[in-house]
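Trainee: Okay, handing you the structure first.
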Amino acid sequence: MSQAGTEIHLTLNGEDVTFEAARSDTLLDVLRDNSYTGAKRGCDTGDCGFCTVVVDGDPVKSCIRPAAQLDGAEVETIENLGTQDSLDPLQSAFVDNAALQCGFCIPGMIMRSKVLLEENPDPTEAEIREALSENLCRCTGYEKIIDAVQDASSRMADGADVAADGGRLPDEQGCPGCDCHDGGAER
Amino acid sequence: MSKTDEPEPEEEAADVSLAEEANPVEWEEAANNQKDPDERRTVSKREEKDDARKIVTGEAKYAADYAPEFPDLAGSKIVRSDIPHGRVTDLDTSAAESMDGVYAVLTPDSPEVPDKRYTSAGQSYPEPSPWDMKVLREKVRFVGDPIAAVAAEDAETASKAARKINVSYEEYDAVFDTEAAMQPDAPQIHDGDDVENVQSGADYERNIEAHSEGEIGDVDAAFEEAEQRDDLTVTETEWETPYQSHCVPEPHTVIAHRDEDNRHHLIASTQVPYHTRRQLAHLFDIPIRDIRVSKPRIGAGFGSKQGMQIEPIALALSEAADRPVMVETTRREQFHAVRNRRPARVSVKSVVSDDGDIEALDMAAVTNSGAYGPHGMTVASAVGKKPLPLYTHTPNIRFQFDAVHTNLPIAGAIRGYGAPQGHLAIEGHMDEVAHELDIDPIELRSRNAISEGDLDVASGILKEKEYGRRIRSCGLRECVAEGRAAIGWDDIEQPDADHLHRACGMALTIQSSGVPGDELGAAHIKMNEDGSFILQTGAVDIGPGADTVMAQIAAEVLGVAPEDVLVQPSDTDISPFDHGAYASSTTYVTGQAVKKAAEDAREMLFEFASRMLDEPESAFKIDEDGAVSERTGESVSLEEIGYESMYGDEVRAHVMGDASHCTEESPPPFGAQFVDVTVNEETGEFEIHDMVYAVDCGVALNPDLVEGQIEGAVHMGYELATGDGITFDEDGQPEVLSFRDYDMPTTGDQPPITSRIVETHEPTGPFGAKSVAEIPVNGVSPALSNAIRRAVGARVTEMPVTAEKIKAALDEK
Ligand code: FES
Ligand code: FES
């Protein structure tokens, strides 16, 4: 932050905060400089989606959003979702569907999916593919990520995260002969 | 399907028998290594990935996430050559140095910058790569060569300072094509006298970094015979692949600083912490004991991080700036200045009988190393020696390669390591042969392909010594059957429209499990009072879930749940030695070390149990209740042993286990790739309906993670088959510098991927496992090219497959 800083006031994850920001700082710079490191920097040009956060209800690539424009905005980051002991249904769907490998894309992927499911609680596969098409993942081939979002949608429709492990059947109780749910013993 | 009935010349038979004898089919396997599915506690179960929860909450920490821990951390910028070939004649850094907030500006002459030659490749020691580069370079050989570096109060200030550095060059002619580079009048990129640790066959006057050739049988004689005989068909094909980016999600990042003991500590996004430590020590003349390399979570590697690309610059900058420095590459640098998959041109000639028996295979590869040689020789050899074992029965095989320098970006290690280029050639070629002979392509392959019990000699084709690798597990034919059924090979229905044609194509695939006789993995495990364990291994988990699999292996031995085995991330101060995450070795090599270490600890558990229950050690086995006497059924829990071992009255000793593992074995995993495609014969446009990949990786220790490897690798293989890769203008300037310009598939255009696991049992692997991380990247290009050939009769031999190329091939017909 070499340039003269300005102060910006935000609601970040439900709390009022004030950050110092240089004129050239992006939202991602400000978040990461203030130890909100969940959003990742993969390109800094708005092309990978790893830095996706939610601003006033919309998914935003924070690496290309100038911080100075955000005075008064409501920002939500991955840090606002569940904790490791108490994941929110979307997070547990990613865990239970093994929809992650290196994880670098995941915070952005989850924030983008969150907005999708808020706007469209029961998306088709095509709608999920469309909504996530600006969030890259190099590890998964997207297969399990799409499964996870579909699964999250049904978990949320059921109104609750059924079981502590996200409702996944243990292997022994897999569904023999069908592939009605991922992670069953018989796929 | 061994061709044991083939009469062989006597001499050869004698030779082969040496390798036969040295590699018997029988393998002395520990009784506990092979378990029926219902006896397995945790291996082959879909256990949760050990870092999954911290990943979804955003708490997993990657190298750059450590920045807030260093209040005086400097940012940095690397100045890179913007010409493809020349010499820096003047580097005016005065304006940059006088800028506010600039801590250090380094040039090749700075005292902190070593003047030695090295290779960036993180492989064994001495590395099988030429030492042909310096940390900062006065002679530049591609657009992107590092020539200076700046540390400043933040990265933005460093970038501004970097722009103020004035560089003058003397420009040389450059060469961008491998054929042109080998001509006598081509510009010479390296002076051979300046290269140390030169690799075999190097001829720097012709820009050849390495050359080698090998032969089994007599290939020329086979072709001569084919000329005389009507029942032998000669087929010739040629194949080409472009530059491909790893697109690692996390750009290469390093924080270098001195710790409170004044030692050099690097937090690095690396696949090879131990190689990096050794290489830095040699380069900077620092004792190994004064360097620590720790690996936090890694945003994937795929080979890109199998080497030290920016670590030396980070170390030099932190010395010059006298404070912690972070070097974080940009996506732009990732595309042109870090590492890529090397383009290859591969030709294949074969002699095949009317019955479909392959009599001879003659394969030649020219790979483009780009400007420097890391992994150049080893990847180029892999182009042949990885896929050829599929057809090791072929009596006459020849392979030769040239690894050639051009003034383009540096190629390196990348998932598949030469095998995808080789598979395109071999498996594309097989379909052409099948077409020539009017044999079903699957039938041709099952007639000739390798089987269980065989001695693979083809993977040793470049070795001078007699070499054979015994195949003790092979589910290749089962993979074909599984994939064939899953894709619906036998019941493809043609679309109604006359101009649309649908067909499936397929390709066999093979890889290895580690570098035989080279890699070393080690493990240390120690028990806590409550019967949980801490496992330290040098296994470098870069995303696929190696730590989870290591925990499963230890847990299987010790009878605990995998979450009761805490795996510490690789750190050269803490973890036992390991070569690192590459060559599909982690599960197979380090996994075996973990198994042995856990068994070592289990011995101690039994010693304590024996004292506590007054039963002989040999009476005990482990199950969920702890150590159980098989005679009386009495048991003592691990927690009871834990407290007894640390605070007991009789003997106090920490329950621990240690082991190393290094092996001559490298059993290949096998797999079959299928692609289902519809092609528009008027436009050449095509649509992929499904890509099925069935793998035999022995026992899949964690099916979720195995499927993840398949799906991710098939995605990458699909991109190699259909993406433009990285292209350059006629001046060697890269035209692709961002994700926007690069064809990485998104959820919107990635065709569906179906993964299938075919279980076999590999007696030499931990609980029957072989590798899986690389093999699924090999088959998409040939299977897609073959599918299109079968759909409309057009053959695309040069990747990427595009509508234009299909159309052009159709027009030519
Ligand atoms: S870092 Fe923001 S889109 Fe890539
Ligand atoms: S999990 Fe690695 S990029 Fe998505």
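The values are calculated or read from the model by the stated rules, or taken from the named source; none is laboratory data. On a predicted model such as this, the values are computed, not experimentally measured, just so you know. Quick reminder, even Gly has a Cβ in these numbers, built from the backbone with ideal geometry, and neighbours come from all protein chains shown. Accessible surface is based on the protein model in full, side chains and every heavy atom, while ligands, DNA and RNA are left aside. Shrake-Rupley method; radii C 1.70, N 1.55, O 1.52, S 1.80 Å.
Trainee: Accessible area per residue of chain B at 1.4 Å probe, in Å²?
Mentor: 35 Å²
Trainee: Right, next: Rounded to the nearest Å, what's the spacing between the alpha carbon centres of region B:654-678 and region B:477-536? Just the number, please.
Mentor: Between the Cα centres of region B:654-678 and region B:477-536 lies a distance of 11 Å.
Trainee: Nearest 20 debye, what's the magnitude of the dipole of region A:5-79 about its Cα centre given +1 on Lys and Arg Cβ and -1 on Asp and Glu Cβ?
Mentor: With Lys and Arg at +1 and Asp and Glu at -1, about 360 debye.
Trainee: Please give the peptides B:545-554, B:591-600 ranked by average Cβ packing (other Cβ atoms within 10 Å per residue), highest first, as a rough proxy for protection.
Mentor: Ranking the peptides B:545-554, B:591-600 by packing returns B:545-554, B:591-600.
Trainee: Through the Karplus equation 6.51 cos²θ - 1.76 cosθ + 1.60, θ set to phi - 60°, convert the phi angles of region B:666-675 into ³J(HN,Hα) values in whole Hz; use x for Gly and Pro.
Mentor: Using θ = phi - 60°, the values come out as 8, x, x, x, 10, x, 10, 9, 10, 9 Hz.
Trainee: Same structure, new question: Which residue, chosen from A:GLY141, A:PRO121, A:ALA93, occupies the Cα position most advanced towards the positive end of the dipole of region A:89-158, where the dipole is computed from +1 (Lys, Arg) and -1 (Asp, Glu) charges on Cβ about the Cα centre?
Mentor: Of the options given, the answer is A:GLY141.
Trainee: What do you reckon, how do B:GLU685, B:GLU209, A:GLU125, B:GLU432 stack up by accessible area (1.4 Å probe), largest on top?
Mentor: Result of the area sort, largest leading: B:GLU685, A:GLU125, B:GLU432, B:GLU209.
Trainee: In addition: Hey, with R₀ at 51 Å, roughly what FRET efficiency would B:ALA30 and A:HIS9 work out to, going by the Cβ-Cβ distance, to 0.05?
Mentor: 0.20
Trainee: Quick one: divide the alpha-carbon radius of gyration of chain B by 2.2 N^0.38 Å and tell me what you get.
Mentor: So the Cα radius of gyration is 0.98 times the expected 2.2 N^0.38 Å.
Trainee: What accessible area per residue, rounded to a whole number of Å², is obtained for region A:12-151 using a probe radius of 1.4 Å?
Mentor: 34 Å²
Trainee: Next question. Restricting to DSSP loop positions (anything but H, G, I, E, B) with no more than 15 other Cβ atoms inside 10 Å of their own Cβ, which trypsin sites (Lys or Arg not before Pro) remain in region B:423-472?
Mentor: Within region B:423-472, the qualifying trypsin sites (Lys or Arg not before Pro) (loop, at most 15 other Cβ atoms within 10 Å) are B:LYS463, B:LYS465.
Trainee: Do any residues of region B:222-268 lose at least 40 Å² of accessible area when the full set of protein chains is present rather than just their chain alone, and if so which, with a 1.4 Å probe?
Mentor: B:PRO249
Trainee: Before rounding to the nearest 500, sum -39500 (n - 2.57) across all DSSP H runs of length at least 4 in chain B and divide by the residue total; then give [θ] at 222 nm in deg cm²/dmol.
Mentor: Helix contribution divided over all residues of chain B: -8000 deg cm²/dmol.
Trainee: Report ³J(HN,Hα) in whole Hz for each residue of region B:655-660, in order, from the Karplus equation J = 6.51 cos²θ - 1.76 cosθ + 1.60 where θ = phi - 60°; Gly and Pro get x.
Mentor: Using θ = phi - 60°, the values come out as 6, 9, x, 9, 6, 10 Hz.
Trainee: With every protein chain left in place, what is the accessible area of B:ASP220 in Å² (1.4 Å probe, nearest 10)?
Mentor: For B:ASP220, the solvent-accessible surface is approximately 80 Å².
Trainee: To the nearest Å, what is the center-to-center distance of region B:578-617 and region A:20-52, using C-alpha atoms only?
Mentor: Each part's Cα centre sits 44 Å from the other's.
Trainee: Pairs B:LYS349/B:LYS805; B:LYS305/B:LYS385; B:LYS49/B:LYS596; A:LYS61/B:LYS49; B:LYS35/B:LYS595; B:LYS305/B:LYS463: which exceed 18 Å Cα-Cα?
Mentor: The pairs that break the limit, which is 18 Å between Cα atoms, are B:LYS349/B:LYS805; B:LYS305/B:LYS385; B:LYS49/B:LYS596; A:LYS61/B:LYS49; B:LYS305/B:LYS463.
Trainee: A further question follows. Put +1 on the Cβ of each Lys and Arg and -1 on the Cβ of each Asp and Glu in the protein assembly as shown; which of B:PHE142, B:SER245, B:ASN33 then has its Cα farthest toward the positive end of the dipole?
Mentor: So the residue we want is B:PHE142.
Trainee: About its Cα centre, how strong a charge dipole does chain B have in debye, to the nearest 20, once Lys and Arg get +1 and Asp and Glu get -1 at the Cβ?
Mentor: So the dipole magnitude of chain B works out to roughly 2220 debye.
Trainee: Quick one: pull the percent of accessible area on chain B belonging to carbon and sulfur, 1.4 Å probe, ligands and nucleic acids left out.
Mentor: 42 percent
Trainee: Still on this structure, I have one more. Quick one: 3J(HN,Hα) in Hz for region A:122-138, Karplus 6.51/-1.76/1.60 with θ = phi - 60°, rounded, Gly and Pro as x.
Mentor: With coefficients 6.51, -1.76 and 1.60, one gets 10, x, 6, 4, 4, 5, 5, 4, 5, 5, 8, 5, 9, 10, 7, 9, 9 Hz.
Trainee: Taking N as the number of residues in the protein assembly as shown, what value does Rg over Cα atoms divided by 2.2 N^0.38 Å take?
Mentor: Compared with the compact-globule rule of thumb, the protein assembly as shown sits at 0.93.
Trainee: Just the number: Rg to Rh for region B:184-341, Cα atoms, Kirkwood Rh, two decimals.
Mentor: Rg divided by Rh gives 1.17.
Trainee: Please list B:ARG163, B:ARG206 in order of solvent-accessible area, largest first, computed with a 1.4 Å probe with all protein chains present.
Mentor: Ranking B:ARG163, B:ARG206 by accessible area, largest first, yields B:ARG163, B:ARG206.
Trainee: Determine the total buried accessible area between chain A and chain B, counting protein heavy atoms only with a 1.4 Å probe; round to the nearest 100 Å².
Mentor: Buried: approximately 4500 Å² between B and A.
Trainee: Next question, about the same structure. At q = 0.15, 0.20, 0.23, 0.26 Å⁻¹, what is the log10 ratio I(q)/I(0) for region A:89-158, with the Debye formula run over Cα points and no solvent?
Mentor: Per q value, in the given order, log10 I(q)/I(0) is -0.38, -0.70, -0.95, -1.25.
Trainee: Roughly how many debye, to the nearest 20, is the charge dipole of the protein assembly as shown about its Cα centre, given +1 on each Lys and Arg Cβ, -1 on each Asp and Glu Cβ, and no other charges?
Mentor: It comes to approximately 2180 debye.
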